[in-house]
Amino acid sequence: MISYKDLGLVNSREIFKKAIENKFAVPAFNFNNMEQMQAIIQACVETKSPVILQVSSGARKYANQTLLRYMAQGAVEYAKELGANIPIVLHLDHGDTFELCKSCVEYGFSSVMIDGSHHPYAENVALTAKVVEYAHKYDVTVEGELGVLAGVEDEVSAEHHTYTQPEEVEDFVKKTGVDSLAISIGTSHGANKFKPEQCQRNEQGILIPPPLRFDILEAIEKRIPGFPIVLHGASSVPQDLVALVNKYGGALKDAVGIPEEQLRKAATSAVCKINIDSDGRIAMTAAVREVFATKPAEFDPRKYLGPARDTLKELYKHKIVNVLGSNNRA
Ligand code: G3H
Ligand code: 13P
Ligand code: ZN
């Protein structure tokens, strides 16, 4: 058993409290490798932002759990070396079983998500409560989910949104003891969040997605005032990066995300954690493709992963300062 406290990590409790009081959202950036981790830490140190380093079960398999633990510890030391002692959370994204959550707690995670959203309500409550009971013994915070996002949530896929029902949230929070709640108000995972027929096109032919259901968010906030809410599937799919990917041989078709103004608005509400993965993937892909296309003789991985890391860092800084408002909140 390795305690996250010995690795220099923190759980999400205090940073969420601060996020609600000061109307910002903490970035939850997914990572799978060293360059992504470096870009996240550099961006958060330079903007003095707290951060949630987020690991999916797929990322855990990809990177290896032992290496991940050392990477998280390395991230804490790296931030200090860069000059800022920012709060860093190591969080399991979309945990689907009690065993996976338990294993992450044992390997040094400071926060876990148990995603029982695809189960019937009573099963979701029972599974979530079991994870909370275990995790809280070690002061590890737990995120639950009510409502199903359209798109793909790891191995669980949902073709249509099932919006969170505000009538359920109070009971769920009370019965499970979760520390934060992910909700479904129209966001969705991946780079193609909406089908073109669900969108309108502006004069430039750019797809404009349907707006988020702020009415549902408000109804939820009324039921559980001051309780930390999480938004998954919150990439904006920047069209300039999509254009770069496609210019250099990619094939991202009809890629569309959540407009940043809507996320900015959400960040000033009880939404205090915003999950971003796909935008980072697009940014890295754009940078790598550009090097491959413009310098075909290049074969040193540092010469394409380096620019990818720089592009990622700029993307994260932009999110922190212009979308989440978490700069200077470390
Ligand atoms: O919500 C899912 C995240 O974007 C993680 O995706 O399972 O491909 O690592 P992944
Ligand atoms: P995106 O696919 O919109 O980046 O969402 C990521 C996410 O919700 C991770 O849990
Ligand atoms: Zn998610």
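The values are calculated or read from the model by the stated rules, or taken from the named source; none is laboratory data. As the structure is a prediction and not an experimental result, all values here were calculated from the model. Methodologically, a virtual Cβ is constructed for each residue, glycine included, from the backbone with ideal geometry; neighbour enumeration extends over all protein chains shown. In case anyone asks, the SASA skips ligands and DNA or RNA and just uses the protein heavy atoms, side chains included. Shrake-Rupley method; radii C 1.70, N 1.55, O 1.52, S 1.80 Å.
Give, as residue ranges, the helices (runs of 4 or more DSSP H) completely inside the stretch 1-106 that count at least 1 residues that are open to solvent by less than 50 Å² (accessible area, probe 1.4 Å) and polar (S, T, N, Q).
34-47, 57-63, 98-106
Taking the stretch 117-143 as the region of interest, how many residues are within 15 Å of ligand 1 (Cβ to nearest atom) and open to solvent by less than 10 Å² (accessible area, probe 1.4 Å)?
1
Quick one: what pairs do we get from the stretch 228-239, first residue farther than 30 Å from residue 177 by Cα, second not in a loop (DSSP other than H, G, I, E, B), C-beta under 6 Å, 6+ apart or different chains?
236/260; 237/256
The conditions are (1) in contact with a Gly (Cβ under 7 Å, 6 or more places away or on another chain); (2) more than 23 Å from residue 60 (Cα to Cα), and residue 114 fails exactly one of them. Which is it?
Condition not satisfied by residue 114: (2).
Residues 178, 237: which one is within 14 Å of ligand 2 (Cβ to nearest atom) and either within 24 Å of residue 293 (Cβ to Cβ) or aliphatic (A, V, I, L, M) (or both)?
One residue alone meets the criteria, 237.
Return the only residue of 264, 281 being under 19 Å from the mean Cα position of the chain (by Cα), of a type in the set (Lys, Arg) and within 16 Å of ligand 1 (Cβ to nearest atom). Write out each step before concluding.
Working: 264 fails: within 16 Å of ligand 1 (Cβ to nearest atom).
Result of the check over 264, 281: 281.
Does residue 207 count as at pLDDT below 95, of a type outside the set (D, E, K, R) and buried (at least 24 other Cβ atoms within 10 Å of the Cβ)? Don't jump to the end; show me each part of the working.
Working: at pLDDT below 95: yes; of a type outside the set (D, E, K, R): yes; buried (at least 24 other Cβ atoms within 10 Å of the Cβ): no.
No; evaluated as a whole, the condition is false for this residue.
Just for the stretch 208-231: of the residues that are in a helix (DSSP H, G or I) and within 22 Å of the chain's Cα centre (by Cα), which one is nearest to residue 17 (Cα to Cα)?
221
Does the stretch 111-119 include one or more residues that are within 16 Å of ligand 2 (Cβ to nearest atom), in contact with a Ser or Thr (Cβ under 9 Å, 6 or more places away or on another chain) and assigned to a helix (DSSP H, G or I)?
There is no residue in the stretch 111-119 that is within 16 Å of ligand 2 (Cβ to nearest atom), in contact with a Ser or Thr (Cβ under 9 Å, 6 or more places away or on another chain) and assigned to a helix (DSSP H, G or I).
Just to be sure before I move on: is residue 175 more than 21 Å from the chain's Cα centre (by Cα), open to solvent by 20 Å² or more (accessible area, probe 1.4 Å) and modelled with pLDDT of 95 or more in the structure I sent?
Yes: the conditions hold for residue 175.
Could you figure out which of (1) within 16 Å of ligand 1 (Cβ to nearest atom); (2) closer than 25 Å to residue 41 by Cβ; (3) touching a residue at least 60 places away in the same chain (Cβ under 8 Å) isn't true of residue 104?
Looking at each condition in turn, residue 104 falls short on (3).
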